[in-house]
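Every read-out reported here was derived from the displayed coordinates using simple, explicitly stated rules and does not represent laboratory data. The structure presented is a predicted model; accordingly, all values stated were derived computationally and were not measured. So basically every Cβ, Gly included, is an ideal-geometry build from the backbone, and we count neighbours across all protein chains shown.
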Amino acid sequence: MTVTDINYDGGMVRWEPGSRERLVQAAFALYAERGFEATTVADIAERAGLTERTFFRHFADKREVLFAGSAELQDALVRAVAGAPASLAAIEAVAGGLEAIAAVLPDVEVARRRQRIIAANPELQERELIKLASLSAALAGALRGRGVPEPAASLTAEIGIAIFRIAFERWVDESNRRDLSALMRESLDEVKAVTATA
């Protein structure tokens with residue numbers, strides 16, 4: 001069975017597999033060439049060879065091209081922490097959640113392109129901070145679900161998200177050749193070392 005879409009001129013257009021990926025590639029290219037603000041949804045759809053209607057089937061707006069994976073990231077984190085063995089310390093459950101995030105993220109080149117686009121736009125930087133705050137709140141909720149009381153649940157969640165953020169920044173650095181999981185483990189070990197000697 002094929003899915004069809006209606007063009008604005010009334011013609012029928014066949015739905016093509018990979019349209020989401022084409023839209024992402026087109027958006028990333030245009031954001032890099034013209035900047036985020038100067039790029040429209042119509043521009044993205046045209047570059048991808050698709051209709052605006054197809055764009056809106058996949059994304060709520062042009063920002064969501066950059067942030068559409070946030071829910072999947074959060075779900076992976078929460079599932080991993082909630083499903084970790086009860087015998088694990090809270091910070092070790094968080095470490096397992098961070099490993100789950102690493103498995104969901106795109107390859108490093110895509111992440112680098114995305115990060116360059118976000119770094120060039122204050123509105124997108126703010127949206128990224130909101131995403132991280134949402135991850136922290138969800139992580140704290142998963143820890144409370146494991147019986148970790150407050151404020152320990154929120155403190156541990158904030159530490160976990162800080163580890164993720166620092167490791168991610170190191171991972172997308174052009175000079176980096178290490179994988180995200182290794183960088184997160186290293187950051188976690190550094191936190192443990194500091195707290196052990198404090």
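Table for the structure above
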quantity	calculated
Dipole of the chain [Lys/Arg +1, Asp/Glu -1 at C-beta], most positive-end residue of Ala137, Phe36, Ser19	Ala137
Neighbour count of at most 14 Cβ within 10 Å plus DSSP loop: longest GluC sites (Glu not before Pro)-free window in the chain	38-173
Helix runs (DSSP H) in the chain reaching 15 Å along axis by Cα, Kyte-Doolittle at least -0.5	19-34, 70-83, 90-104, 108-119, 122-145, 152-172, 180-197
Spin-label pair Ala133/Glu174, simplified geometry with 7 Å Cα→Cβ offset, distance in nm	3.2 nm
Relative contact order of the range 69-197, defined on C-alpha pairs under 8 angstrom at six or more residues apart (%)	27 percent
FRET efficiency, Arg165 to Arg53 (Cβ-Cβ, R0 22 Å, nearest 0.05)	0.05
Charge dipole (debye, nearest 20) of the range 69-197; +1 at Cβ of Lys and Arg, -1 at Cβ of Asp and Glu	80 debye
Counted charge near Phe36, where neighbours are those whose Cβ lies closer than 15 Å (Asp, Glu -1; Lys, Arg +1)	0
